[in-house]
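These notes concern the structure reproduced below.
The values are calculated or read from the model by the stated rules, or taken from the named source; none is laboratory data. Everything numeric here is computed off the predicted structure, so don't read it as measured data. Glycine gets a Cβ as well: all are built from the backbone with ideal geometry, and neighbour counts include every protein chain shown.
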Amino acid sequence: MTTLVHEFSWPDRVVVGTIGLPGARTFYLQVRAGKQIVSIALEKQQSALLAEKIDEILDELITVDSNPFSIPTGTPPELVDNDPLEAVAEQFRTGAMSLGWDPAMAQIILEAHPIADDDADAADNDESLHEGRANEPEMLRVRMPVGSARAFAKRTREIVDAGRPMCPLCGYPKDADGHICNVPEL
């Protein structure tokens, strides 16, 4: 069986965004090229790790003496994207992800694969969400130029950090409707 690959070589937009309130947010990686939009769900921790690893790759490339590419140390202002997600139709929930570097094109390569069927929760096993492609394997492959990758990482960190405040006693997130430690705000 062939794998359906959602491939974006020079996307117009690559962002992580959320739907919902802190504590009940769903994170999405959304990619757009022209009218083609793909949105995949991922966990908050996956989002944070993705941003961290992209920055690590870019920072490492800066230190390589033979690297002929200009790698930005910060986010180029013209690439800042604070707009909300566009129309979200979840393609799949992300399981395994990988990052790579293409020196020929000076691009970060991101690949995301869906959660394997045996790993998926029974509650998430709604065939109507994936009607017509329930048994077809698929993946997302995105190639990001270095400036776009740096902007992607910055926005992703901001989205992740915009969640619930952490409790200074237990270190767990505090809910808007109360917290077990009951620490008053300072």
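Some notes on this structure:
- Check on Ala87, touching a residue at least 24 places away in the same chain (Cβ under 8 Å), surrounded by fewer than 11 Cβ atoms within 10 Å (Cβ to Cβ) and over 20 Å from Arg143 (Cβ atoms): yes
- Considering the conditions (1) part of a loop (DSSP other than H, G, I, E, B); (2) over 21 Å from Glu158 (Cα atoms); (3) at pLDDT 95 or above, Asp83 is excluded by exactly one of them, (2).
- When every residue of segment 119-126 is checked against the conditions, none turns out to be at pLDDT 95 or above and more than 13 Å from the chain's Cα centre (by Cα).
- Pick from segment 20-55, criterion in a loop (DSSP other than H, G, I, E, B) and in contact with a strand residue (DSSP E or B) (Cβ under 7 Å, 6 or more places away or on another chain), ranking: modelled with the lowest pLDDT: Gly23
- Only residues that are outside any helix (DSSP H, G or I) and touching a residue at least 60 places away in the same chain (Cβ under 8 Å) were counted across segment 56-69, and they come to 1.
- Looking across Glu60, Glu78, Glu90, one residue alone is in contact with a strand residue (DSSP E or B) (Cβ under 6 Å, 6 or more places away or on another chain) and farther than 16 Å from Thr156 by Cα. It is Glu90.
- Any hit, segment 129-143, residues being β-branched (Val, Ile, Thr), surrounded by 12 or more Cβ atoms within 10 Å (Cβ to Cβ), in contact with a Pro (Cβ under 9 Å, 6 or more places away or on another chain) and at pLDDT below 90: no
- Residue check, Asn82 without any contact (Cβ under 8 Å) to a residue 40 or more places away in the chain and touching a helix residue (DSSP H, G or I) at 6+ places or on another chain (Cβ under 9 Å): no
- Of the residues making up segment 63-84, those that are closer than 30 Å to Thr26 by Cβ and exposed (fewer than 12 other Cβ atoms within 10 Å of the Cβ) number 7.
- Odd one out for Gly17, checked against (1) out of contact with any Leu (no Cβ under 7 Å at 6 or more places or on another chain); (2) modelled with pLDDT of 90 or more: (1)
- Residue match in segment 158-167 (condition: of a type in the set (A, V, I, L, M), in a strand (DSSP E or B), exposed (fewer than 12 other Cβ atoms within 10 Å of the Cβ) and at pLDDT below 95): yes
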